Amino acid sequence: MALSACKNKTANDGNNPFFSDYNTPFDVPPFEKIMAKHYMPAFEKGMAEGRKEIEAIQRSRQEPTFQNTIEALDRSGDLLARVRLVFAAQTSANTNDSLQDIEMEISPKLAGYDDEKRLNPGLFKKIKYVYDNQNKFNLNPEQQFHLENLYKEFVRNGANLGKKDQDTLKRINQRLSVLAVTFNQNVLAETNNYRLWVNKEDLKGLPESLAEAAAQTAKESGQEGKWAFTTQRPSIFPFIQYCGNRDLRREIFDAYCNRGNNGNEFDNNKILAEMIKLRAERAKLLGYKSHAHLVLEPRMAKVPENVFELMTSLWEKAVPVAKNEVREMQKIIDKEGGRFKLEPSDWWYYSEKLRKEKYNLDDNELRPYFQLDNVQEGVFTVAKRLFGVTFSPINDCPLPHPDARAFEVKESDGTHLGVLYMDFYPRESKRQGAWSVNYRNHHILDGERITPVNTVVCNFTRPGGDQPSLLTIDEVQTLYHEFGHALDFMMNKSTYNQVYQAWDFVELPSQLMEHWATEPEVLSIYAKHYKTGEIIPATLVQKLKNSGYFNQGFTNVEYLAATLLDMAYHTLEAPAIIDIQTFEKDYFNKIGLIPEIVSRYRSTYFLHIAGEYDAGYYSYKWAAVLDNDAFEAFREKGLFDQSVAASYRKNILEKNGLVDAMQMFVNFRGREPVIEPLLRNTGLMTEAGIKN
Ligand SMILES: [Zn+2]
């Protein structure tokens, strides 16, 4: 190692920590030594090395083999891969102005580097040779799966096309990227341009924090002493949940639903229509029936028909439940003497009343039982009882941020499995939400196991005064969720850097983990009152369980409407020329969306389909089917049954991204997934479910 570090040194490499051995516990990145100025040179050098290695593969005169082509390609750009992971994780959890500038500068360069690789005809020729002659190479199942996915990824990105078609493809891609940015910016502008001004008397019934935020918004708009609400979710939804003035609710909700559809300079109708048309064209060029067919190929769903089948059967179950919810809310309206029919903008207000009436559960009742330290101890205990793994604090370990804590994850026999960081509190340098990512992926290098370094990042309430950090039930589930991702990363047994996880499967390990959080048996392990140590009372546990059925008709219908619309747009075959408003209206009529519910997103502000989740919005529910069914296996045999846990680990956690997703599930469950457990758990099984 010393030799290669020496060889790599050039005059201005100076002390760049990426260019030498880390010399840290378990070889974690030496965070305190990595400065913003080190990234750019490391990226540049990483790309240069990667290019050289790829060129060597391409120039080689030997017959292409799995080893000299596919494996060599996987190993190329090792430095780049290392820097990329560290940079991506740090810009999310601990960024600053310099890192943001670097991000802006490096993004197009990295995109260019990736494209250069994927549209490199010489390289593809070799990959194709190995793919076409794979029988000669005696490949193991992991290698076969890797090769198959790599080859098809190149094909989906246009490697198989002639020069002229590749040029067309590049033009379409470029135009689409511009349209996506415009679409996003229009939604942002429409959202930012709107204010609902309200009087003091209309603040009645609103939580104080919400009124304060509205005063702050007004002040920022130069109107101190007034109150303003916006169409951003944290503003509009609590407002229409608590505001008693029906006209105001309707006004802001209409504004929300018409973003990007106002016939002004920010109108998204034509932009989305062009995106749909171009995506259909691109799919055709690449030899696929529709955009959805292209996108779904590497996913568990495989073809759009499978998505439609599942979503439609859920739709049929959810609509009657939603209709029942309408009836229950109408009863409240009638009882209060309101002489009107429930409208979409009334839903949040009356469902809140219904929630109080039926479930009577206050988040503040639960919080004292969910002290952060106990919850963390709880997830560690669950993992230990399932898989035998342990988590011990590592002292003197470089940390991605001083707030983070490092743990060594070990097998029951003491073997080192990986390093896990836990980083819980919000700060300015951290983006919103919660996630789990790797600083280093598991892979095998020259026969040696390179162990993963992973981080779980959240934005939980900080301890205040003498009160420790007390979590809401949502936050508890978030921690279990992200920890589920972390276990997936920890236990992965990939030989290669690149794994091919199906996008509609990745939320299985995380969502599955959430089930343990609220099981009475598990709650009794960790949900202890932070002052008295008393275990959470059974009545509260029951209330918590019941509240899981609340508003499920609505939640499912509004989500499924958006999902089905996404699939409807993206199964259109070229030339796919449509008028957005007409298409949307006709489609919702056709599937029978009830008038009291608006799709979770209407077309002109459906940001998911502008990029990344196009023909992919279904994946949340798809994974929900899987996790509910998978958890059933534990319910049947016991929450900590060792044979089920071992099978889950062996067939899914260790193989995620190395084996076909459906195959993994079948190997674990002994059959393909079924939807009944999801229906039961969310009260969609029968209409009566909602009445629990
Ligand atoms: Zn997740």
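The values are calculated or read from the model by the stated rules, or taken from the named source; none is laboratory data. Because the structure is a prediction, the values reported are computed rather than measured. Counting neighbours? That spans all protein chains shown, and the Cβs are built from the backbone with ideal geometry, glycine included. Heavy atoms of the whole protein, side chains included, go into the accessibility calculation; ligands, DNA and RNA do not. Shrake-Rupley method; radii C 1.70, N 1.55, O 1.52, S 1.80 Å.
For the stretch 188-216, a residue qualifies if it is outside any helix (DSSP H, G or I) and within 21 Å of Cys257 (Cβ to Cβ), and the qualifying residues are Tyr194, Arg195, Leu196, Trp197, Val198. Contact annotation: residue pairs with Cβ atoms under 6 Å, 6 or more positions apart or on different chains, pairing a residue in the stretch 547-558 that is acidic (Asp, Glu) with a partner that is part of a loop (DSSP other than H, G, I, E, B), are Glu558/Ile597; Glu558/Arg600. Do we find a residue being farther than 19 Å from Lys270 by Cβ and not small (Gly, Ala, Ser) anywhere in the stretch 575-587? No, every residue in the stretch 575-587 fails to be farther than 19 Å from Lys270 by Cβ and not small (Gly, Ala, Ser).
Against the condition farther than 11 Å from Val375 by Cα, at pLDDT 95 or above and either more than 16 Å from the ligand (Cβ to nearest atom) or surrounded by 21 or more Cβ atoms within 10 Å (Cβ to Cβ) (or both), how does Leu540 come out, does it pass? Here the answer is no, as Leu540 does not meet what is asked. Selection of first residues in the stretch 67-90 that are over 16 Å from Val453 (Cβ atoms) and of second residues that are assigned to a helix (DSSP H, G or I) and open to solvent by 50 Å² or more (accessible area, probe 1.4 Å), restricted to Cβ pairs under 6 Å at least 6 apart or on distinct chains, gives the following pairs, ordered by first then second residue: Ser76/Glu53; Leu79/Glu49.
When Pro595 is tested against the conditions (1) under 30 Å from Arg449 (Cα atoms); (2) open to solvent by 30 Å² or more (accessible area, probe 1.4 Å); (3) not aliphatic (A, V, I, L, M), the lone failure is (1).
One residue alone among Gly484, Gly533, Gly465 is more than 23 Å from Pro402 (Cα to Cα) and without any contact (Cβ under 8 Å) to a residue 24 or more places away in the chain, and that residue is Gly533.
Selection within the stretch 499-524: residues that are touching a strand residue (DSSP E or B) at 6+ places or on another chain (Cβ under 9 Å) and open to solvent by 40 Å² or more (accessible area, probe 1.4 Å). The member of this set that is farthest from the ligand (Cβ to nearest atom) is Ser524. When Lys621, Lys590 are checked against the criterion of being in a helix (DSSP H, G or I), among the charged types (D, E, K, R) and under 22 Å from Gly484 (Cβ atoms), Lys621 stands alone in meeting it.
Could you tell me whether any residue of the stretch 82-91 is under 27 Å from the mean Cα position of the chain (by Cα), in a helix (DSSP H, G or I), among the β-branched types (Val, Ile, Thr) and modelled with pLDDT of 95 or more? Looking for residues that are under 27 Å from the mean Cα position of the chain (by Cα), in a helix (DSSP H, G or I), among the β-branched types (Val, Ile, Thr) and modelled with pLDDT of 95 or more, one finds at least one in the stretch 82-91, hence yes.
Would you be able to say whether some residue in the stretch 603-613 is in a helix (DSSP H, G or I), in contact with a Gly (Cβ under 7 Å, 6 or more places away or on another chain) and within 27 Å of Ala568 (Cα to Cα)? Break it down stepwise before answering.
At the first step, the residues of the stretch 603-613 found to be in a helix (DSSP H, G or I) are 603-605, 607-610.
If we keep only those that are in contact with a Gly (Cβ under 7 Å, 6 or more places away or on another chain) as well, we get 604-605.
When the remaining residues are screened for being within 27 Å of Ala568 (Cα to Cα), the result is 604-605.
Checked the stretch 603-613: at least one residue is in a helix (DSSP H, G or I), in contact with a Gly (Cβ under 7 Å, 6 or more places away or on another chain) and within 27 Å of Ala568 (Cα to Cα).
Determine whether the stretch 358-365 contains at least one residue that is over 21 Å from Arg246 (Cα atoms) and free of Cβ contacts under 8 Å to residues at least 40 places away in the same chain. Yes, the conditions are met somewhere in the stretch 358-365.
Give the residues of the stretch 290-311 that are part of a helix (DSSP H, G or I), open to solvent by less than 50 Å² (accessible area, probe 1.4 Å) and under 15 Å from Lys621 (Cβ atoms), sorted by residue number. It would help to see each step written out before you state the result.
Quick first cut of the stretch 290-311, residues part of a helix (DSSP H, G or I) only: 291-296, 304-311.
From what's left, open to solvent by less than 50 Å² (accessible area, probe 1.4 Å): 291-296, 304, 307, 310-311.
Leu296, Pro304, Val307, Leu310, Met311, listed by residue number.
Of all the criteria given as (1) assigned to a strand (DSSP E or B); (2) open to solvent by 50 Å² or more (accessible area, probe 1.4 Å); (3) in contact (Cβ under 8 Å) with a residue 24 or more places away in the chain; (4) of a type outside the set (Val, Ile, Thr), the one not satisfied by Asn454 is (2).
Scanning the stretch 637-654 turns up no residue that is aromatic (Phe, Trp, Tyr), open to solvent by less than 20 Å² (accessible area, probe 1.4 Å) and in contact with a Ser or Thr (Cβ under 9 Å, 6 or more places away or on another chain). Can you confirm whether the stretch 130-149 contains a residue that is more than 30 Å from Phe460 (Cβ to Cβ), in contact with a Lys or Arg (Cβ under 8 Å, 6 or more places away or on another chain), at pLDDT 90 or above and not in a helix (DSSP H, G or I)? For the stretch 130-149, residues more than 30 Å from Phe460 (Cβ to Cβ), in contact with a Lys or Arg (Cβ under 8 Å, 6 or more places away or on another chain), at pLDDT 90 or above and not in a helix (DSSP H, G or I): absent.
Taking the conditions (1) in contact (Cβ under 8 Å) with a residue 60 or more places away in the chain; (2) within 16 Å of the ligand (Cβ to nearest atom); (3) assigned to a strand (DSSP E or B) in turn, Met490 satisfies each one other than (3).
Give me a count of the residues in the stretch 332-356 that are part of a helix (DSSP H, G or I) and either of a type in the set (Ser, Thr, Tyr) or touching a helix residue (DSSP H, G or I) at 6+ places or on another chain (Cβ under 9 Å) (or both).
Restricting attention to the stretch 332-356, the residues satisfying the condition of being part of a helix (DSSP H, G or I) are 332-335, 344-356.
Restricting the remaining residues to those that are either of a type in the set (Ser, Thr, Tyr) or touching a helix residue (DSSP H, G or I) at 6+ places or on another chain (Cβ under 9 Å) (or both) gives 332-333, 344-355.
Looking only at that region, the number is 14.
Under 26 Å from Met329 (Cα atoms), touching a residue at least 60 places away in the same chain (Cβ under 8 Å) and assigned to a loop (DSSP other than H, G, I, E, B) - does that describe any residue in the stretch 510-523? Quick ask: steps written out before the conclusion?
Taking the stretch 510-523 and keeping what is under 26 Å from Met329 (Cα atoms), we get none.
Within the stretch 510-523, none of the residues are under 26 Å from Met329 (Cα atoms), touching a residue at least 60 places away in the same chain (Cβ under 8 Å) and assigned to a loop (DSSP other than H, G, I, E, B).
Taking the listed residues Tyr421, Tyr369, Tyr359, the one that is open to solvent by less than 40 Å² (accessible area, probe 1.4 Å), closer than 30 Å to Gln100 by Cβ and more than 16 Å from the ligand (Cβ to nearest atom) is Tyr421, with no other qualifying. If you take the residues in the stretch 449-475 that are modelled with pLDDT of 95 or more and within 16 Å of the ligand (Cβ to nearest atom), which one is farthest from Ala72 (Cα to Cα)? Top of the filtered list is Val457.
Among the residues of the stretch 217-248, write down those that are assigned to a helix (DSSP H, G or I) and under 31 Å from the mean Cα position of the chain (by Cα).
First, pick out the residues of the stretch 217-248 that are assigned to a helix (DSSP H, G or I): 217-220, 233-242, 246-248.
Passing the criteria: Thr217, Arg233, Pro234, Ser235, Ile236, Phe237, Pro238, Phe239, Ile240, Gln241, Tyr242.
Considering the stretch 424-448, the residues that are within 16 Å of the ligand (Cβ to nearest atom) and among the hydrophobic types (A, V, I, L, M, F, W, C) include one that is farthest from the chain's Cα centre (by Cα), namely Val437. So is Thr478 away from the ligand (no atom under 14 Å from the Cβ), open to solvent by 10 Å² or more (accessible area, probe 1.4 Å), of a type in the set (Ser, Thr, Tyr) and touching a residue at least 12 places away in the same chain (Cβ under 8 Å) or not? For Thr478, the condition - away from the ligand (no atom under 14 Å from the Cβ), open to solvent by 10 Å² or more (accessible area, probe 1.4 Å), of a type in the set (Ser, Thr, Tyr) and touching a residue at least 12 places away in the same chain (Cβ under 8 Å) - is not met. Look at the stretch 388-411: where a residue is under 30 Å from Ala645 (Cα atoms) and in a loop (DSSP other than H, G, I, E, B) and a partner is of a type in the set (Val, Ile, Thr) and open to solvent by less than 20 Å² (accessible area, probe 1.4 Å), sitting 6+ places away or on another chain with Cβ atoms under 9 Å, you get Val389/Val409; Ile394/Val28; Ile394/Val419; Ala404/Thr455; Ala404/Val457; Glu411/Val389. A count restricted to the stretch 524-564 and to residues that are assigned to a strand (DSSP E or B) and in contact with a Ser or Thr (Cβ under 7 Å, 6 or more places away or on another chain) stands at 1.
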